[in-house]
Amino acid sequence: MKINTLTRSIQIGLVAVAVSTLSIQSRAEDVIRYKGRPVGTKVRIDGAANVHKWNMEGTIISGFFEVPASVDLTSAKGEIASKAEISIPVSSIKNTEWEGMSEVMLDAMHATNSPYIKFSLTSLNITTPGAAGKALVGDVKGDLIINNITNATAFPVSIETVEKGRLKITATDVPVKMTDFKIAPPVKLGIFTTDPDVKISFEWMVGVPKGAVAK
């Protein structure tokens, strides 16, 4: 009797483990996660001062973009249950034209204490489906974190399927006001003054890991 009870307990335990394993596998297969790739990625900040326009450029955007496995990004439309986390090292964005510009801006952005610009996606609405050789267009909403200050933001994006399992996500001239993130527009030598309004653009290359399935 005790042996039967023990055997039954073992069987129940094995079934529970099997169900749990299948559940985990199912959840993993429900989404496709694209991870940031270094090749081809670009980020740019454009601004203006009283004496000239300026820009800062970088090539590092880490993070991920996640969509349901059932979504075909070449033809999807409407609200997509997606997730994304973006992280850009502040120190990787530099100006190569004006001497001392990079240092001034990094200091203004408190790069030592807040070393990353971050964005967390809360919604993606595709307004124009993609097609062969053509990027889809949509609107995103999310939280933008600069100088450890978080503000809600929204801007249009395009998502191009470069090849199977590889995407290029592009945003152009996203408006950002420095003072909204408690960044004082730099003033240098009492002469050089900076406009608080800047624009951020990026081309973010993402791809699925080898062996993963992507549409």
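The values are calculated or read from the model by the stated rules, or taken from the named source; none is laboratory data. What you see is a predicted model, and the numbers here were worked out from it, not measured in a lab. Reconstructed Cβ throughout: ideal geometry from the backbone, glycine too, with neighbour counts over all protein chains shown.
Quick look at the numbers
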| read-out | value |
| --- | --- |
| Selection from the range 184-199 of residues that are outside any strand (DSSP E or B), aliphatic (A, V, I, L, M) and over 26 Å from the mean Cα position of the chain (by Cα) | 189, 191 |
| Residue selected from the range 161-183 under the condition at pLDDT below 95 and outside any strand (DSSP E or B), by the criterion nearest to residue 34 (Cα to Cα) | 165 |
| Looking only at the range 97-127, and only at residues there that are without any contact (Cβ under 8 Å) to a residue 12 or more places away in the chain and either under 21 Å from the mean Cα position of the chain (by Cα) or in a loop (DSSP other than H, G, I, E, B) (or both), the one that is farthest from residue 153 (Cα to Cα) | 99 |
| Any hit, the range 57-69, residues being among the aromatic types (Phe, Trp, Tyr), within 22 Å of the chain's Cα centre (by Cα) and at pLDDT 80 or above | yes |
| Total residues in the range 13-45, condition more than 19 Å from the chain's Cα centre (by Cα) and at pLDDT 50 or above | 2 |
| Lone unmet requirement of (1) outside any loop (DSSP other than H, G, I, E, B); (2) surrounded by 14 or more Cβ atoms within 10 Å (Cβ to Cβ); (3) without any contact (Cβ under 8 Å) to a residue 40 or more places away in the chain for residue 151 | (2) |
